[in-house]
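Step one of this worksheet: look at the structure below.
The values are calculated or read from the model by the stated rules, or taken from the named source; none is laboratory data. On a predicted model such as this, the values are computed, not experimentally measured, just so you know. So basically every Cβ, Gly included, is an ideal-geometry build from the backbone, and we count neighbours across all protein chains shown.
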Amino acid sequence: MNIKHLYDNKKTVYSMEVFPPKKADSVETVYNTLYGLRGLPIDFISVTYGAGGSQVQKDKTAEIASLIKKEYGIEPLSHLTCVGSTKEDIKATLEKLKEIGVQNILALRGDMPAEGECEMAFPHASDLAAFIRECDPSFNVAGACYPECHVDAANLDEDIENLKKKVDAGVTHLTTQLFFDNEIFYSFREKVEKAGITVPIAAGIMPIVKKTQIERTVSMCGASIPTRFARIISKYADAPEALFQAGLSYTIDQITDLVANDARGVHLYTMNNVEVARKVTEATESLFKSVNKA
Ligand code: FAD
């Protein structure tokens with residue numbers, strides 16, 4: 001199924017992200033995650049591609065996407081990056097995805113390596129999106145966006161101009177980088193609409209439930225921390241059970257507000273944590289039902 005149809009038919013789509021582990025011998029962890037998520041009302045599940053920089057993470061993406069579709073009957077969204085790949089690599093991946101029945105691709109540039117040169121089939125995700133559509137127009141192509149501005153862009157206006165190029169290249173829906181302040185998302189949504197971008201945008205939400213996640217997540221994605229969340233973190237940082245509960249509550253509040261404010265999608269960055277994904281889904285399921293009931 002084309003994920004665009006989900007957005008055409010639902011007010012607010014609910015999706016999740018999982019990632020292949022870095023090492024081949026721990027690949028079971030993501031299979032366990034998917035098994036643990038079975039039965040939850042999830043519209044689609046996306047699978048990252050080489051996001052931790054390892055080849056294993058690239059090799060496993062298509063296989064995991066295929067499992068999500070065949071074993072669990074949920075539509076997969078397979079991520080694909082231009083960094084670290086040649087055009088031939090990308091063509092081969094597209095052929096493989098086609099062969100195993102994966103129809104939806106999240107086209108990304110990928111993060112540039114900290115040191116040294118690497119293969120780079122295309123300079124931008126928009127070029128990859130156009131290439132995918134050119135190779136096979138039956139693929140549905142999605143893209144990423146950044147409510148707090150992508151780190152390489154001079155400013156948010158420039159980043160949104162570039163986002164428009166991605167949508168013009170054939171991207172039919174977008175997922176945001178994670179954020180903790182919904183007001184930033186609402187302001188971004190308004191600016192994007194003013195720039196003539198009308199495709200659905202899903203809000204990327206990551207529950208912070210462990211102390212180790214705090215610094216790593218914030219330094220990696222540059223998300224700003226609103227005062228209310230900063231107070232929670234500092235109060236419970238050294239009380240693991242309390243932090244787990246407070247982090248979960250914060251995420252549930254964020255989602256409650258997003259659904260009430262007509263977000264077209266909520267995309268949960270699960271970090272392969274079944275317990276958290278289940279608890280968040282069970283606590284918010286009725287919200288999605290209520291807006292999608294018509
Ligand atoms: P682009 O859209 O190419 O943007 C990168 C920069 O180039 C921006 O500053 C933009 O303004 C500029 N730009 C874009 N298009 C043009 C253009 N046509 N002309 C001039 N400038 C332009 N990384 C992984 O390695 N694997 C993953 O699976 C993965 N999944 C992700 C999922 C989501 C939802 C998000 C938000 C990010 C994900 N990332 C992943 C991280 C992502 O690859 C990085 O953030 C990367 O730095 C940018 O990727 P992009 O596709 O947004 O790039």
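Annotation note: Cβ proximity below 8 Å between a residue of region 136-159 that is part of a loop (DSSP other than H, G, I, E, B) and a residue that is aliphatic (A, V, I, L, M) and near the ligand (Cβ under 8 Å from one of its atoms) (sequence gap 6+ or interchain) occurs for Tyr146/Ala153. Here Ile90, Ile105, Ile64 are screened, and the one residue that is within 13 Å of the ligand (Cβ to nearest atom) and assigned to a helix (DSSP H, G or I) is Ile64. Identify, please: which residue in region 256-272 is assigned to a helix (DSSP H, G or I) and in contact with a Phe, Trp or Tyr (Cβ under 9 Å, 6 or more places away or on another chain) and is, among those, nearest to Val13 (Cα to Cα)? If we take residues in region 256-272 being assigned to a helix (DSSP H, G or I) and in contact with a Phe, Trp or Tyr (Cβ under 9 Å, 6 or more places away or on another chain), then Val259 is nearest to Val13 (Cα to Cα). The condition of being out of contact with any Phe, Trp or Tyr (no Cβ under 6 Å at 6 or more places or on another chain) and either at pLDDT 95 or above or β-branched (Val, Ile, Thr) (or both) holds for only one of Lys22, Lys10, that being Lys10. Going by what's in this entry, would Asp136 be described as under 19 Å from the mean Cα position of the chain (by Cα), more than 10 Å from the ligand (Cβ to nearest atom), more than 14 Å from His267 (Cα to Cα) and charged (D, E, K, R)? So Asp136 does not fit the description; no. Keeping to region 23-61, report how many residues are surrounded by 15 or more Cβ atoms within 10 Å (Cβ to Cβ), in a loop (DSSP other than H, G, I, E, B) and within 13 Å of the ligand (Cβ to nearest atom). Counting residues in region 23-61 that are surrounded by 15 or more Cβ atoms within 10 Å (Cβ to Cβ), in a loop (DSSP other than H, G, I, E, B) and within 13 Å of the ligand (Cβ to nearest atom) gives 5. Would you confirm whether or not region 114-132 contains a residue that is among the hydroxyl-bearing types (Ser, Thr, Tyr), within 11 Å of the ligand (Cβ to nearest atom), assigned to a helix (DSSP H, G or I) and farther than 23 Å from Asn9 by Cα? Checking region 114-132: at least one residue is among the hydroxyl-bearing types (Ser, Thr, Tyr), within 11 Å of the ligand (Cβ to nearest atom), assigned to a helix (DSSP H, G or I) and farther than 23 Å from Asn9 by Cα.
To keep it simple, each residue is scored yes or no on (1) hydroxyl-bearing (Ser, Thr, Tyr); (2) under 19 Å from Ala107 (Cβ atoms).
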position	(1), (2)
Ser46	yes, yes
Gly50	no, yes
Val56	no, no
Glu63	no, no
Leu67	no, no
Glu71	no, no
Leu77	no, yes
